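Beneath this line is the structure, given in structure tokens, with notes to follow.
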Amino acid sequence: MESTDLALVVAILCLATLFHGTLGFGTGLVAMPLLTLLIGVEEATAIVAFVIVGTTILLLRRNWQRLERRAALQLIASSIPGVPVGIFVLTNAPSDLVQRGLGVVLILYALYSLIGPPLTEASHSAWAYTLGFASGVLGGAYNTNAPPVVVYGSLRRWPPDVFRGTLQAYFVPLALVVWAGHGVSGLWSWDIVTAYALYFPFGLVALWFGHRVAGRIPAAAFQRVLYIAVIALGALLLV
């Protein structure tokens, strides 16, 4: 990896960490479309997995007291079987088609949520299991496991602190499974470890700043900010 590319990779990862620290998700959604312009999809997926593991563990420590444990366990249980399916997709299916399809779905969902009538609250456990499996597939394939669980959280109408806490409780074990799966599949390399080591101190600063920004978002405005962010991320996937 060239030094110029390495600096840009670190900058993109810091931007993604800032976003995740603010809203509680989004590392993969922000980083993957941008990183794939510089490095291959497989390299981008591997380095982002390193970043997600560290970010979610640190955020979970801050939000441990405010989470829906049952929902988190349901999402975890249904996501893990989807990870190997996603890794198979990564190594065998065209990534552009999947990413752009996901982008369209995200934009349509967020636009409807902003301007359409309210959707029914997703209280039945079938929602958690279905969206959890979809999240596992996307996580194993492209480190973009957030969209299905973000949709689930928004349908549950959780307040901001419960939303962030529950998502991190879900993200941590799945991130570890995805990260280990990439290692077993031979996706790790010296370039990836070096890039993560250079990113880490800057990532801590970005995460701290994101936490400060999150504290300034009023609870009443959180859902609207969330849907606007989802539209932006969906647009990134279309690039």
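The values are calculated or read from the model by the stated rules, or taken from the named source; none is laboratory data. Computed from a prediction, not measured in an experiment: that's the story for all the values here. Here the Cβ is made from the backbone with ideal geometry for all residues, glycine too, and neighbour counts use every protein chain on show.
Would you confirm, using the coordinates I've provided, whether residue 87 is part of a helix (DSSP H, G or I), among the hydrophobic types (A, V, I, L, M, F, W, C), touching a residue at least 12 places away in the same chain (Cβ under 8 Å) and within 21 Å of residue 229 (Cβ to Cβ)?
Numbers: part of a helix (DSSP H, G or I): yes; among the hydrophobic types (A, V, I, L, M, F, W, C): yes; touching a residue at least 12 places away in the same chain (Cβ under 8 Å): yes; within 21 Å of residue 229 (Cβ to Cβ): no.
Criteria not met by residue 87.
Can residue 197 be described as part of a helix (DSSP H, G or I) and more than 19 Å from residue 145 (Cβ to Cβ)? Please lay out each step first, then the result.
Working: part of a helix (DSSP H, G or I): yes; more than 19 Å from residue 145 (Cβ to Cβ): yes.
Answer is yes for this residue.
Consider residue 169 carefully, then state whether it is of a type in the set (Gly, Ala, Ser) and at pLDDT 85 or above. Please lay out each step first, then the result.
Values: of a type in the set (Gly, Ala, Ser): yes; at pLDDT 85 or above: yes.
Criteria met by residue 169.
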> Of the residues that sit in the range 190-204 and are of a type in the set (A, V, I, L, M) and either closer than 17 Å to residue 45 by Cα or more than 20 Å from the chain's Cα centre (by Cα) (or both), which one is surrounded by the most Cβ atoms within 10 Å (Cβ to Cβ)?
Replying inline: 195
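Under the condition of being in a helix (DSSP H, G or I) and aromatic (Phe, Trp, Tyr), which residue from the range 153-173 is nearest to the chain's Cα centre (by Cα)?
Filtering the range 153-173 for residues that are in a helix (DSSP H, G or I) and aromatic (Phe, Trp, Tyr), the one nearest to the chain's Cα centre (by Cα) comes out as 171.
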> With (1) hydroxyl-bearing (Ser, Thr, Tyr); (2) at pLDDT 80 or above; (3) surrounded by 18 or more Cβ atoms within 10 Å (Cβ to Cβ) as the list, and residue 130 as the residue in question, which single condition is left unmet?
Replying inline: (3)
> Are any residues in the range 17-72 in a loop (DSSP other than H, G, I, E, B) and either of a type in the set (A, V, I, L, M) or within 10 Å of the chain's Cα centre (by Cα) (or both), and if so, which ones?
Replying inline: 24, 25, 26, 37, 38, 39, 67
> Taking interchain pairs and intrachain pairs at least six residues apart, which have beta carbon atoms under 6 angstrom, with the first residue in the range 186-201 and under 9 Å from residue 10 (Cβ atoms) and among the hydroxyl-bearing types (Ser, Thr, Tyr) and the second at pLDDT 85 or above and part of a loop (DSSP other than H, G, I, E, B)?
Replying inline: none
> How about the range 7-63: which of its residues are closer than 20 Å to residue 184 by Cβ and either without any contact (Cβ under 8 Å) to a residue 24 or more places away in the chain or small (Gly, Ala, Ser) (or both)?
Replying inline: 28, 40, 44, 46, 49, 54
> From the list 238, 198, 207, 233, which residue is closer than 17 Å to residue 61 by Cβ and among the aliphatic types (A, V, I, L, M)?
Replying inline: 207
